[in-house]
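The block underneath contains the structure these notes are about, expressed in structure tokens.
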Amino acid sequence: MGALLGAPQAQGGSLDWDVVSSVNGLARHLPSALDSLLAFMGEYGVPLASVLMLLATWLWARKQSDPAGSVAGVLWAGLAAGLALVANVPVRALVERPRPFVEHPGSLDLLMDHQANGSFASDHATFTMAVAVGVFLVNRRYGFVAMGLAVLEGFLRMFVGVHYPTDILGGFALGTAVTLLLAPIAMALLTPLAHSVSRSALAPLIAHPRPRPATGRRSARRGGPAPLPDEPPHDLAA
């Protein structure tokens, strides 16, 4: 099956190879320090930014009118990303696709040390897109930002020379499928759990603490007349 996805040994023999070689070729025109920075971002920076988007969505969800339902959605986004990575393990074992720097030794500027394991599908693309789709189900604005991070991650994985574009697309598809297909079951389980937690000592994890209403008489406006004292009850018999 790997032969169906992999680029042929002759260079320039597939669109997959043409795209990754062109994107990776950009590194030759950039300063080495910038190449190193982009490689770091592709390996660690963008996935971390996706996690931070998950955190930002959780902080937003705690302030909503139905915080338990929203927080359950954020929790599912994180769990879906983990499940998608697990699902990718048998996919990689089945496909067994060599990475581009393995199929075309010496033809790419490999910008980072990487083991020569299976290339399809990309774990990084799978993770970032699963997070993005899960966040989108909770908050569309944050979801679009997270999707932008996933697309950037896919580009950077090709830039450093460790994935073909179809590896990236396969990861996007896997992350999206796991998140959407299992969402109804996951939300049916996680939403009651979030409601239960909201009634426990861990309630601040679900809902942002709201200020208690003020008690007693309202103070007079600054500069206004002082409040009148309470009048004694009239003597109706007088």
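The values are calculated or read from the model by the stated rules, or taken from the named source; none is laboratory data. What you are looking at is a predicted structure, and each value in this text was computed from that prediction instead of being measured. Glycine gets a Cβ as well: all are built from the backbone with ideal geometry, and neighbour counts include every protein chain shown.
When VAL162, VAL131 are checked against the criterion of being assigned to a loop (DSSP other than H, G, I, E, B), within 23 Å of the chain's Cα centre (by Cα) and buried (at least 24 other Cβ atoms within 10 Å of the Cβ), VAL162 stands alone in meeting it. Of the helices (runs of 4 or more DSSP H) lying entirely inside segment 38-105, those carrying at least 2 residues that are among the polar types (S, T, N, Q) and within 20 Å of THR179 (Cα to Cα) are 46-61, 67-95. Scanning segment 115-128 for residues being buried (at least 18 other Cβ atoms within 10 Å of the Cβ) and over 19 Å from ALA84 (Cβ atoms) gives a total of 0. Within segment 201-223, track down each residue that is within 37 Å of the chain's Cα centre (by Cα), assigned to a loop (DSSP other than H, G, I, E, B) and either modelled with pLDDT under 90 or surrounded by 10 or more Cβ atoms within 10 Å (Cβ to Cβ) (or both). Selection gives LEU202, ILE206, ALA207, HIS208, PRO209, ARG210, PRO211, ARG212, PRO213.
The requirement of being surrounded by fewer than 21 Cβ atoms within 10 Å (Cβ to Cβ), at pLDDT 95 or above and among the β-branched types (Val, Ile, Thr) is satisfied by VAL145. Applying the condition of being of a type in the set (A, V, I, L, M, F, W, C) and surrounded by fewer than 20 Cβ atoms within 10 Å (Cβ to Cβ) to segment 165-185 and asking which residue is nearest to VAL20 (Cα to Cα) yields LEU169.
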